[in-house]
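Here's the structure, in structure tokens; my notes come after.
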Amino acid sequence: MAHDHHEPHHQHSHEHEHKHGHGHADMDWAEMAPLLEAQAELYTPLYRQAMTWLAREVTDPGLVVDVGSGPGVVSCLFADAFPGARVVALDGAPPLLERARDRAARQGAADRFGTLAGDLPGVLDELDYPADLMWASQSLHHLGDQRAAVAALAGHLAPGGTLAVLEGGLPARFLPRDIGIGRPGLQARMHAVEEDAFAEMRANTPGSVAETEDWPAMLTAAGLKHTGTRSFLLDLPAPLTDEARAYVTTSLSRLRDRIGDGLDATDRATLDRLLDPADEAGAHRRQDVFVLVAHTVYTAVRPV
């Protein structure tokens, strides 16, 4: 299962368009990897907040598994946050795992860093031993039967081990309500189209099972004890750094490709202006562009 780490579009924008090989067998991972890495690096403050929170529940884990790791940015953050742990990055795209191994080596963690290539849930059987902490960030919603997926993850936890699921939250905002061109409220309307696209993606996922997205209930049904829910904020106010601005323009461009046909002609024209590097009102130049997003993490423990 692959993980387009960390740009939310529904928290799903392009974050996770590379998942699990569903319809993405032709994805050029070598081309995508730098984009995925830049995105995850931008979100690092949010992930560090989540890890600080997790460390209060998970003390001195022996094995941490990043389920859907992509190129390993977050996996390496776990290696840094838990210096006594072995970390396994698990993903369906071997080229991304190669990037993960290289990153771990650069950070001096190669001796306690491993990778595992394969699709969920079967690849979990290749773990050498149960995990003390399992992290699944926006990966489960790309599996047909999310409830069964949670149960599979729970089955590979050590007694007393924690499963942390990052799903939902609030979609990323980049623009004020009124940007001075087009009709006010563009991004809210884009989010609505994204929601429909996400629902269609879920419906068309092989083996899709309709599921109320009550993650604590799914964790409980898997035999775990729900221990916490918390949301973490990435707040990058205007004016943005060059890196953050590049993230915004890339995100909007990929949204244009994915959901542009679902927008009316006026909104498409506005989005095209936003994507024009030569337009003073475009996202490449305007000074009021920001990044504001919230990710929600649910934790649950396997009873001892």
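The values are calculated or read from the model by the stated rules, or taken from the named source; none is laboratory data. Since the model is a prediction, treat every value here as computed from it, not as a measurement. All Cβ positions, glycine included, derive from the backbone under ideal geometry; neighbour counts span all protein chains shown. For accessibility, only protein heavy atoms count, side chains too; no ligands or nucleic acids. Shrake-Rupley method; radii C 1.70, N 1.55, O 1.52, S 1.80 Å.
Results, tabulated for the structure shown:
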{"read-out": "For region 56-176, convex hull of alpha carbons as volume per residue, Å³", "value": "133 Å³"}
{"read-out": "Surface/4 of the Cα convex hull for region 187-240, nm²", "value": "6.3 nm²"}
{"read-out": "Accessible area per residue in Å² at 1.4 Å probe, computed on the chain", "value": "40 Å²"}
{"read-out": "Between region 232-304 and region 144-173, the alpha-carbon center distance in angstrom", "value": "26 Å"}
{"read-out": "Rel. contact order, % - alpha carbon contacts under 8 angstrom, at least six apart, region 56-115", "value": "36 percent"}
{"read-out": "Estimated distance in nm for a label pair at D196 and D242, the labels positioned 7 Å out from Cα along Cα-to-Cβ", "value": "3.9 nm"}
{"read-out": "Protection proxy ranking, peptides 137-145, 56-64, average beta carbon neighbours within 10 Å, highest first", "value": "137-145, 56-64"}
{"read-out": "Among beta bridges that DSSP assigns inside the chain, antiparallel share in %, nearest 5", "value": "50 percent"}
{"read-out": "E31 accessible area, 1.4 Å probe, all protein chains in place, Å² to nearest 10", "value": "140 Å²"}
{"read-out": "Net charge of Cβ neighbours under 13 Å - reference T52; Lys, Arg +1; Asp, Glu -1", "value": "+1"}
{"read-out": "Spin-label pair T266/T227, simplified geometry with 7 Å Cα→Cβ offset, distance in nm", "value": "5.1 nm"}
{"read-out": "Positive minus negative residues near A278 (Lys, Arg vs Asp, Glu; Cβ under 13 Å)", "value": "-1"}
{"read-out": "Low-density loop cleavage sites - trypsin sites (Lys or Arg not before Pro) in region 142-188, where at most 16 other Cβ are within 10 Å (DSSP)", "value": "R177"}
{"read-out": "Residue-averaged 222 nm ellipticity for the chain, from DSSP H runs of 4+ at -39500 (n - 2.57), nearest 500", "value": "-11500 deg cm²/dmol"}
{"read-out": "Convex hull volume of the chain per residue (C-alpha atoms, cubic angstrom)", "value": "121 Å³"}
{"read-out": "Vicinal HN-Hα couplings computed from phi for region 75-88 (Karplus, 6.51 cos²θ - 1.76 cosθ + 1.60; Hz; Gly/Pro x)", "value": "4, 6, 5, 5, 4, 6, 6, 10, x, x, 9, 8, 10, 10"}
{"read-out": "Relative contact order (%) - criterion: Cα under 8 Å, at least six apart; region: the chain", "value": "20 percent"}
